[in-house]
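Participant: One structure, as structure tokens, below. Some questions next.
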Amino acid sequence: MRVLVVTAVPVERDAVTRAFGGTPETVALPGGEVHRCGAFDVLAGGAGPAAAAAATAFALAAALAPASAFAPTAAEPPAPGPYGLVVSAGIGGAFTPLTPLGSLVVASDIVAADLGADTPDGFRPVTALGFGRDRFAPPPALVREVAAAAGATAGPVLTVSTVTGTAERAAGLLAAHPGALAEAMEGFGVAEAAARADVPVLELRAVSNAVGPRDRDAWRIGDALAALTDAFGKTAPVLEGWNRHDH
């Protein structure tokens with residue numbers, strides 16, 4: 001099965017591709033490129049849910065399109081067939097001591113934490129307003145298998161458009177989303193695009209910092225990127241071999 005892995009920035013993409021060894025094949029697409037490592041295509045889609053959704057949607061469509069859709073003289077398609085799974089991957093912030101710096105989180109729910117309306121009674125998610133959706137649930141069996149293989153903790157991961165920078169904001173997010181383990185900026189956008197293509201989605205995050213007051217000196221980005229590489233080294237057989245119809 002082919003797997004599309006969507007990160008935000010090139011340094012995360014490169015951390016993922018290091019797990020597979022060798023030199024990835026670079027496949028150009030309009031507006032970007034994927035780094036192909038066997039069954040895995042790894043894409044740096046940009047920061048934030050909008051960029052992540054757009055990049056994911058384009059990659060999913062490009063996998064099905066003939067080469068002539070992009071270059072009239074091209075002889076080969078940009079990708080050898082459809083994807084069976086999309087993974088949103090990268091680093092993120094953690095809410096609880098259960099997910100210390102350098103640890104891994106697999107999303108049991110991918111939640112749009114700030115998609116909705118601010119009201120005198122507090123934040124109301126888009127679903128409470130009567131339209132849209134504010135969460136996606138990855139396949140539970142896949143979440144369990146990946147968490148076991150990577151030594152990760154499973155729980156809700158929040159997608160935000162603005163990284164949390166205060167204790168008050170962190171407390172507010174936890175009050176609205178009890179049990180949330182981590183926050184990042186792309187998971188919900190990736191999930192939205194994957195759902196529209198009817199492709200299962202997973203989110204895997206390595207913890208680089210605590211959610212709350214911003215203290216860049218306390219962040220451990222290098223450790224988180226190393227953990228991300230290690231995670232894909234351990235979970236690649238699970239991801240590549242997973243079949244949604246077997247669960």
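The values are calculated or read from the model by the stated rules, or taken from the named source; none is laboratory data. Note that this is a predicted model, so its numbers are computed, not measured. Methodologically, a virtual Cβ is constructed for each residue, glycine included, from the backbone with ideal geometry; neighbour enumeration extends over all protein chains shown. Each accessible area value is taken on the protein alone, full model and side chains, heavy atoms only, with ligands, DNA and RNA left out. Shrake-Rupley method; radii C 1.70, N 1.55, O 1.52, S 1.80 Å.
Participant: Nearest 5 is fine: what % of DSSP beta bridges in the chain come out antiparallel, could you say?
Facilitator: Taking every DSSP beta bridge within the chain, about 45 percent pair in antiparallel fashion.
Participant: Treating the angle as unsigned and between 0 and 90°, give the value, to the nearest 10°, between the Cα long axis of helix 140-150 and the longest Cα principal axis of the chain.
Facilitator: 90 degrees
Participant: Next question. Read phi for every residue in the range 196-208 and hand back ³J(HN,Hα) as whole Hz from Karplus 6.51 cos²θ - 1.76 cosθ + 1.60, θ = phi - 60°, with x for Gly and Pro.
Facilitator: Residue by residue, the range 196-208 yields 5, 9, 6, 10, x, 10, 9, 10, 10, 10, 9, 7, 10 Hz.
Participant: Considering only protein heavy atoms and a 1.4 Å probe, what is the carbon-and-sulfur percentage of the accessible area of the range 78-186?
Facilitator: For the range 78-186, the apolar C and S fraction of the accessible surface comes to 61 percent.
Participant: Using every alpha carbon pair in the chain, what percent of pairs falls into each 10 Å bin from 0 up to the bin containing the largest distance?
Facilitator: Cα pair-distance distribution for the chain, in percent: 8, 33, 36, 18, 5, 1.
Participant: Take every Cα-Cα distance within the range 3-63, group them into 5 Å bins from 0 onward, and report for each bin the whole-number percent of pairs it holds.
Facilitator: Result returned by the calculation: 4, 21, 34, 25, 13, 3, 0.
Participant: When ligands, DNA and RNA are left out and all protein chains stay put, how many square angstrom of accessible area per residue does the chain have with a 1.4 Å probe?
Facilitator: Result: 44 Å² of accessible area for each residue.
Participant: Report Rg/Rh for the range 150-215, rounded to two decimals, where Rg is the Cα radius of gyration and Rh the Kirkwood radius.
Facilitator: For the range 150-215, the value is 1.00.
Participant: Let me ask something else about it. At most 14 other C-beta atoms within 10 Å and a DSSP loop state: those are the exposed chymotrypsin sites (Phe, Trp or Tyr not before Pro) I care about. Give me the longest piece of the chain that has none.
Facilitator: 132-247
Participant: I've got another one for you. Taking all pairs of different Cα atoms in the range 93-186, averaging 1/r and flipping that mean, what Kirkwood radius in angstroms comes out?
Facilitator: Averaging 1/r across every pair of different Cα atoms and inverting gives 14.0 Å.
Participant: Tally Lys and Arg at +1 and Asp and Glu at -1 over the other residues with C-beta under 11 Å from the C-beta of THR162: what net charge comes out?
Facilitator: In short, -1.
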